[in-house]
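Step one of this worksheet: look at the structure below.
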Amino acid sequence: PLEYHFEPGHPADGVTLVVPIEALGQLDALRLEWLVPGLLQQKMIALIKSLPKQLRRNFVPAVNYAEACLQTLEPENRSLSSAMAEQLYKMTGIQVQESDWSHQDLPEHLRMNFRIRTEGEQALAEGRELSHLQNSLAGETRQSLTLHPMAELERDNITHWDFGTLPEQVEQKSHGLILQAFPALVDEKKSVSIKLFENQTQANISMRAGMRRLFMLQLSDKVKYLKKNIPELKQMCLYYSPVGLCAEFTDNILSAVFDRVFLQQSLPRDEQAFMERCQQGTNQLISETNTLARQVTDVLEAYHQLQKIIKGKLAPHHLHAVTDIKAQLDELIYPGFIINTPFTWLPHLPRFIQAMIIRLEKLDQNPQRDRQHMIDITDIHQLYKEAQARVEGRNTPCETLHKSMHESLRDIRWLIEELRVSLFAQTLKTSARVSVQRLEKQLKEIITSL
């Protein structure tokens with residue numbers, strides 16, 4: 001129950017939502033696009049009128065279509081414009097894309113104003129860009145949570161599980177508002193800590209890294225043994241040297257092994273489950289290290305082969321392709337790629353790199369076709385970045401939906417690599433059916449759903 005009101009004497013300012021600093025991280029920008037009932041129809045009319053003329057003429061008069069949307073739609077945890085686009089399509093068969101709406105042309109009073117205050121009613125900040133306020137006041141939000149009784153969960157310098165059960169969520173009532181916080185482990189390198197997060201997605205990310213570290217601390221003797229016995233480590237470090245340091249690379253190998261062995265299931269939340277996971281996984285560490293080392297060796301050998309070609313003598317008219325390949329390679333091989341690349345996709349990296357080599361080898365056969373393929377990939381990649389920005393910029397209490405969107409985007413990111421194989425090196429085959437049209441459709445569905 002947050003407080004909102006219209007500014008007296010200034011109707012053009014619209015509605016102001018007064019937000020306690022401790023609740024700022026829990027606000028969902030998409031849900032708040034729906035404003036309050038008294039302004040919703042005005043905003044729907046303004047959105048319809050913001051459409052390009054060739055689209056707008058299908059929804060005349062705008063007042064009637066806005067009224068029809070108002071009677072059908074209920075505020076929900078997705079953007080108002082995507083809900084309207086779906087309803088307008090049902091009514092007319094006309095598809096409105098997210099990029100067709102001109103949000104920047106909306107009057108100021110049709111965008112929620114946020115006033116952030118302290119527990120003592122002191123104003124901290126005010127504005128209409130929620131994400132900017134959440135980012136700029138993240139430190140103050142974090143500090144405000146530590147002032148509540150639920151902050152007693154926080155601890156530092158933890159090296160083994162001695163803290164009982166770690167709840168996924170805690171609540172505390174403050175000034176009539178139910179505050180939520182999400183406890184999670186934080187990786188401190190030589191120890192872990194327990195911190196409260198105001199956002200469940202951030203807590204989940206921290207929890208994964210913190211849990212990995214706690215397993216490594218618990219099995220420190222195994223970590224020492226593995227570090228001395230990683231197969232082909234010297235050769236891998238040599239190939240990796242253009243990317244980063246061997247010590248960093250070795251740590252990444254070990255972290256990825258612990259991820260594979262201990263973190264593929266839901267994370268334990270109590271000591272018994274943690275210790276059982278330790279016992280179950282310990283015997284897998286050596287075999288998993290050997291498997292990962294073989295996979296990474298294959299990746300780095302292909303990387304080394306491609307690097308030699310790129311550094312050789314290339315024709316000037318190959319520059320566009322080489323520039324594109326370097327950018328692609330930078331997104332595949334970089335410090336931390338072993339941890340960040342999903343287990344299922346890491347074995348495919350040598351094939352993706354081999355496809356780059358084939359592309360260079362046959363570039364002279366049809367350079368115009370290569371340029372067209374590159375344009376197609378660029379268009380898909382831009383759509384992917386737009387979808388990624390929308391999903392990552394969304395702060396939503398619907399964690400299941402948020403996770404589903406992240407997983408869909410993660411799959412599409414790797415299908416873009418398969419698309420490159422299908423366009424530039426068809427002889428290598430792909431691991432899944434893929435096309436420009438298919439990926440474009442999937443990405444637009446994600447974008448319009450937000």
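The values are calculated or read from the model by the stated rules, or taken from the named source; none is laboratory data. Just so it is clear, the structure is predicted and the values come from calculations on it, not from any experiment. Because the Cβ atoms are built from the backbone with ideal geometry, glycine has one as well, and the counts that use them run over all protein chains shown. Keep in mind that these areas ignore ligands, DNA and RNA; they rest on the heavy atoms of the full protein, side chains included. Shrake-Rupley method; radii C 1.70, N 1.55, O 1.52, S 1.80 Å.
Assorted remarks:
- Segment 190-257 - percent relative contact order, Cα under 8 Å, separation 6 or more: 27
- Here r is the Cβ-Cβ distance between residue 153 and residue 265 and R0 is 35 Å; the resulting FRET efficiency, rounded to 0.05, is 0.90.
- Accessible area in the full protein assembly, largest first, 1.4 Å probe, for 190, 43: 190, 43
- In the elastic network of the chain, a GNM with C-alpha springs shorter than 10 Å, the most mobile of 172, 122, 97 is 122.
- Full-extension gain in nm, residue 426 to residue 305, via 0.36 nm per residue minus C-alpha separation: 41.6 nm
- With helices as the sole contributors, the chain gives -17000 deg cm²/dmol at 222 nm; each DSSP H run of n ≥ 4 counts as -39500 (n - 2.57), and the sum is divided by every residue.
- Distance in nm between pseudo-label sites at residue 332 and residue 221 (7 Å out along the Cβ direction from Cα): 4.2
- Hits among lysines - C-alpha to C-alpha of residue 90 under 25 Å, sequence gap 8 or more where chains match: 43, 49, 53, 441, 444
- Based on Cα contacts under 8 Å between residues 6+ apart, the chain shows a relative contact order of 14 percent.
- 21 Å Cα-Cα threshold exceeded, pairs from 308/362; 362/385; 189/227; 308/429; 190/224: 362/385; 308/429
- Residue 99/residue 49 FRET efficiency (R0 22 Å; Cβ-Cβ; nearest 0.05): 0.85
- Computed from label points 7 Å out along Cα-Cβ, the spacing between residue 56 and residue 365 is 5.0 nm.
- The slack in the chain from residue 70 to residue 319, taken as 0.36 nm per residue of separation less the alpha-carbon distance, amounts to 84.2 nm.
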